[in-house]
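Each remark here refers to the structure printed beneath this line.
The values are calculated or read from the model by the stated rules, or taken from the named source; none is laboratory data. Note that this is a predicted model, so its numbers are computed, not measured. Please note: Cβ atoms are built from the backbone with ideal geometry, for glycine as well, and neighbour counts cover all protein chains shown. All accessible areas refer to the heavy atoms of the entire protein, side chains included, with ligands and DNA or RNA removed. Shrake-Rupley method; radii C 1.70, N 1.55, O 1.52, S 1.80 Å.
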Amino acid sequence: MSATETKASGEKTQNGLRSRDWFGPNDLRAMTARAYLRSEGFSEQVFYGKPVVGICNSWSELTTCNAHLRQVAEAVKRGVWAAGGFPLEFPTISLGEVLMKPTTMLYRNLMAMDVEECIRAYPLDAVVLLCGCDKTTPAQLMGAASADVPAIMVPGGPMLRGVWRGQELGSGTDSRRLWNDRRSGALSDEAWCEVESCIARSPGHCMVMGTASTMTSLVEALGMTLPGAANIPAADSRRLACGEESGRRAVEMAREGLRPSQILTREAFENAIRTDMAIGGSTNAIIHLTAFAGRLGIPLPIERFDEFSRTTPFITNIKPSGAYLMEDLYYAGGLPAVMKELAPLLHAGALTVNGKTIGENVAAAECFNRAVIKTLKAPIHPEGGTVILRGNLAPCGAVIKQTAASPQLEKHVGRAVVFENYDDLMARVDDPELDVSEDSVMVLRSAGPKGAPGMPEWGDLPIPTKLLKAGVRDIVRISDARMSGTAYGTVVLHVSPESAAGGPLAVVRNGDQIELDVAARRLELRVPEAELQQRLRSWQPPAPHYTRGYGRMYLDHILQAHEGCDFDFLRRD
Ligand code: FES
């Protein structure tokens, strides 16, 4: 067995660098490794003592939000060379939120496995992870956490703000609002076409506090980026400077052997959850943070999110829960200014990739715009953005983003209007005969991890057109789906167990009374317990969506929403 085969792990080798086992020995295999790399035009100098820094690039023209990452990779390479390292860029699969069907979430774990195995299998002493669009960030972090080779993340940054007829537009959020206006007849065809041309006008990911902005902010809060890296707009030259600095730092990390497992501690996760609550982060963050923790063997029951929600004020005034856009957050001081405000609630001693603590990193941060970043004493909302609900309709939990909900609907009892699946929803939602009113509770099932499959972002069910025409813009909606972080409304998500796994959502009937009480954290189906049990006993599981290939593996191993939707065999016990 060769040295290469014996050291394919995240551990440092005897001489300090993993790559030495590939390139160092005086044998045929190492000579071949060097010779073939030299076929790319590298001189022999690159093999002497230089840490090899992999640049794991989620660039793809199919992942529109990450299409500028080749340029960022070049900046990272400059930094690696300048610090005495040897950069090698490599691709993995990429997950483009807008173009991929049925949903990128179906493939998050596949990308995580790709990232993990590439890091482990190649001669890398450190890795720089280039991410951006929604699932690319959690997939890369999950893979890197499991490989446990020194790693630093460089997010691609948000798009510049959209501007249309003098109005600022946030991608995702304002397109949904304007789509409702168009469906109700309030927006012309011409205006709708104009919106298309100016709502996504630069490189980068969605520029509201959607899933991409949330997850890139949270990897910074976890300590996995340089301070201030998350919120720099993609089109800003400082994005490239950040890439260069991260490349330099990756070389140092390789020499120090600073690994993700030393950074991603329980304290780091608690800092990330606090930050998520304070920024009004996407509900998807609950799933991804739970999955990260599972990769590290850190217990993170869903109740922890609610504990932190109750004790962390929401202070970041960004759409869809607020009024501003990510560009404004960056100019106001960015995430360091938010975390400086949160400092009394954080574990200041948590280590980060620059070798300093999070407390040291944010100590000098300043807020330059109090309209965007509020204080703990005068927050936008006294509690965090996301709330965990329980009840007989969600025995293992459900999620609602209270800061994006309508206050008058947060305590509500209404009659269920049930849709069997997404096709049923689309076929009937605009039917003028649909028996629905503004007091109804719309229920969608077969939209969870197994049922859809892949738990798509179908949770913000469209408001029926007849209600839109009557001026209604929000009603209570419940499903086992997820929702885009850019969306808003009184929307209960991630109902667990999902309907396709036999959760009570599977047996809700039209006309049943459903109670939502956000303050009491309650979600109840007002059906007598004996009848509920009788309905559950007669429930039949649906036929599986896949019988072969990746889909089969996915269905056999996917965990439920409250467990992070990772594969059972990828968690560390
Ligand atoms: Fe990529 Fe929104 S579509 S972040």
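Can you give me the C-alpha center-to-center distance between region 490-508 and region 92-129, rounded to a whole angstrom? With region 490-508 and region 92-129 each reduced to a Cα centre, they are spaced 29 Å. Residues whose amide H comes within less than 5 Å of that of LEU169, counting only those at least five positions distant or on another chain, are GLY162, VAL163, TRP164 (H built at 1.01 Å from N in the peptide plane).
Only protein heavy atoms count here; on that basis, with a 1.4 Å probe, LYS374 has an accessible area of about 60 Å².
In this structure, the pairs whose alpha-carbon distance is over 20 Å, taken from LYS319/LYS469; LYS101/LYS450; LYS77/LYS340; LYS340/LYS377; LYS50/LYS77, are LYS319/LYS469; LYS77/LYS340. What do you get for the angle between helix 266-279 and the principal long axis of the chain? Use alpha-carbon atoms, 0 to 90 degrees, nearest ten. The angle comes out near 50 degrees.
Hey, can you find the accessible area per residue of region 90-168 for me, probe 1.4 Å, expressed in square angstrom? Intermediate values should be presented prior to the final figure.
Numbers: 2070 Å² over 79 residues.
Per-residue accessible area for region 90-168 comes out at 26 Å².
Restricting region 448-480 to trypsin sites (Lys or Arg not before Pro) that sit in a DSSP loop and have at most 16 other Cβ atoms within 10 Å of their own Cβ leaves ARG473.
Normalised by 2.2 N^0.38 Å, with N the number of residues, the alpha-carbon radius of gyration of the chain equals 0.98. Pairs of Cα atoms nearer than 8 Å and 6+ residues apart set the relative contact order; for the chain it is 13 percent.
I'd like the Kirkwood hydrodynamic radius of region 358-432, using the inverse of the mean 1/r over distinct C-alpha pairs, in Å. Result for region 358-432, one decimal place: 17.1 Å. When both region 401-473 and region 23-47 are represented by their alpha-carbon centers, they are found 60 Å apart. Under a model in which nothing but the beta-carbon of Lys, Arg (+1) and Asp, Glu (-1) is charged, region 334-449 shows a dipole of about 840 debye around its Cα centre. Take SER237: with every protein chain present and a 1.4 Å probe, its accessible area is about 90 Å². Using only the C-alpha atoms, the convex hull of region 147-203 corresponds to 108 Å³ per residue. For region 190-349, pairs of C-alpha atoms spaced more than 23 angstrom apart make up 42 percent of the total. Using a 4.7 Å Cβ-Cβ cutoff, the cysteines of the chain lacking any partner cysteine are CYS56, CYS118, CYS131, CYS193, CYS198, CYS206, CYS242, CYS367, CYS396, CYS565.
Measure nothing but the geometry: give the 0 to 90° angle between the long axis through the Cα atoms of 189-198 and the longest principal axis through the Cα atoms of the chain, rounded to 10°. The answer is roughly 20 degrees.
For the chain, the longest principal axis of the alpha carbon atoms and the long axis of helix 173-184 meet at an angle near 30°. By a 1.4 Å probe calculation restricted to protein chains, THR357 has an accessible surface near 30 Å², given to the nearest 10. Ignoring the sites themselves, what is the longest stretch of the chain with no GluC sites (Glu not before Pro) in a DSSP loop and at most 12 other beta-carbon atoms within 10 Å? Counting at most 12 other Cβ atoms within 10 Å as exposed, the longest clean stretch of the chain is 62-365.
Would you work out what percent of the accessible area of the chain, with all protein chains in place, is carbon or sulfur (probe 1.4 Å)? Intermediate values should be presented prior to the final figure.
Details: 10860 of 21150 Å².
For the chain, the apolar C and S fraction of the accessible surface comes to 51 percent.
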